[in-house]
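The values are calculated or read from the model by the stated rules, or taken from the named source; none is laboratory data. Remember, predicted model here, so these are calculated numbers, not experimental data. Using ideal geometry, Cβ is built from the backbone for each residue, glycine included, and neighbour counts are taken over all protein chains shown.
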Ligand SMILES: Nc1ncnc2c1ncn2[C@@H]1O[C@H](COP(=O)(O)OP(=O)(O)OP(=O)(O)O)[C@@H](O)[C@H]1O
């Protein structure tokens, strides 16, 4: 990335990705010319088959990986490396096993606001533990928690540093369907309450429809008659359903089946097609 030419376009969105590409193998980029924007307070999901490059894009947004080409601007500045302005939740909870829930989250809060008193840090920790319904488990260690509870701690930790942007890489992928549904509802409530800006990877079409304001459909790189074509964002779908939707009521909403069929058709017929 060349900062000398990295000037965000006028009237730019909160997050702007321009011409992003990534090659692990020279001359065969996983994806190229990826561009999209995310507005402040918007929830954007990306969906696509395994290997199209979703996690790589998220890692670039997190500052954990460098793109081969292109630019990412957040709040008018080009991103450079990881920052506590961006919170990340991975599929595996990534908690420190020797620390309690309270101390796992306090560690993040202290890193974000080193000047805060212990009492203020603890108040912040308790507020976010409470938001994910884990008050009773605050002094337990990760080994004493279920998978769903551990993921809730990861979510509480990511929200507790009040990041400008939350990056979620299939955070519910390892959970059973029931727990997954409950935490989806909880996440949705917290996002609405905190007006958090979110970029999330999912493989679950209903999860994307429930949570996202917009859904990016990503196509894998493939060999075509004209040669290799890198992966890219094939289409951006605006979710037409009312924002105050619930998991239980989703399939009763006008437009739900049309939206679902459109995304499934993309995954079946276009996501990997030449
Ligand atoms: N460090 C790396 N070195 C070499 N190749 C890599 C590396 N990281 C990712 N890749 C390759 O880049 C491609 C995209 O990987 P990525 O993990 O971003 O895909 P994904 O869409 O997130 O897949 P999944 O849905 O399975 O998580 C894959 O073909 C993968 O093998």
**Request:** State yes or no: is residue 159 closer than 30 Å to residue 254 by Cβ and within 14 Å of the chain's Cα centre (by Cα)?
**Result:** no
**Asked** Among the listed residues 168, 187, 175, 217, which satisfies the condition of being within 14 Å of residue 154 (Cα to Cα) and within 13 Å of the ligand (Cβ to nearest atom)?
**Response** 168
**Item:** Residue in region 166-184 that is surrounded by the fewest Cβ atoms within 10 Å (Cβ to Cβ), counting only those that are within 24 Å of residue 246 (Cβ to Cβ) and within 12 Å of the chain's Cα centre (by Cα)
**Value:** 170
**Prompt:** What is the residue count in region 16-41 for residues that are surrounded by 18 or more Cβ atoms within 10 Å (Cβ to Cβ), more than 9 Å from the ligand (Cβ to nearest atom) and either at pLDDT 95 or above or not in a loop (DSSP other than H, G, I, E, B) (or both)?
**Reply:** 9
**Message:** Need the failing condition index for residue 198 against (1) over 22 Å from residue 65 (Cα atoms); (2) surrounded by 16 or more Cβ atoms within 10 Å (Cβ to Cβ), just the number.
**Reply:** (1)
**Asked** In region 67-98, what count of residues is obtained for those that are within 16 Å of the ligand (Cβ to nearest atom) and either touching a helix residue (DSSP H, G or I) at 6+ places or on another chain (Cβ under 6 Å) or closer than 20 Å to residue 31 by Cα (or both)?
**Response** 7
**Request:** Only residues that are buried (at least 23 other Cβ atoms within 10 Å of the Cβ) and within 15 Å of the ligand (Cβ to nearest atom): list them for region 202-214, please.
**Result:** 202, 208
**Prompt:** Does residue 163 count as surrounded by 16 or more Cβ atoms within 10 Å (Cβ to Cβ), within 16 Å of the ligand (Cβ to nearest atom) and farther than 24 Å from residue 98 by Cβ?
**Reply:** no
**Output for region 87-103, where each listed residue is surrounded by fewer than 21 Cβ atoms within 10 Å (Cβ to Cβ) and assigned to a helix (DSSP H, G or I)** = 102, 103
**Complete:** Scanning region 224-234 residue by residue, those more than 14 Å from the ligand (Cβ to nearest atom) and closer than 12 Å to residue 28 by Cβ turn out to be 227, 229
**Request:** Quickly run through region 42-66 and pick out the residues that are more than 12 Å from the ligand (Cβ to nearest atom) and in a loop (DSSP other than H, G, I, E, B).
**Result:** 42, 63
**Message:** Going through 246, 236 one at a time, which residue ends up being at pLDDT 95 or above and not in a helix (DSSP H, G or I)?
**Reply:** 236
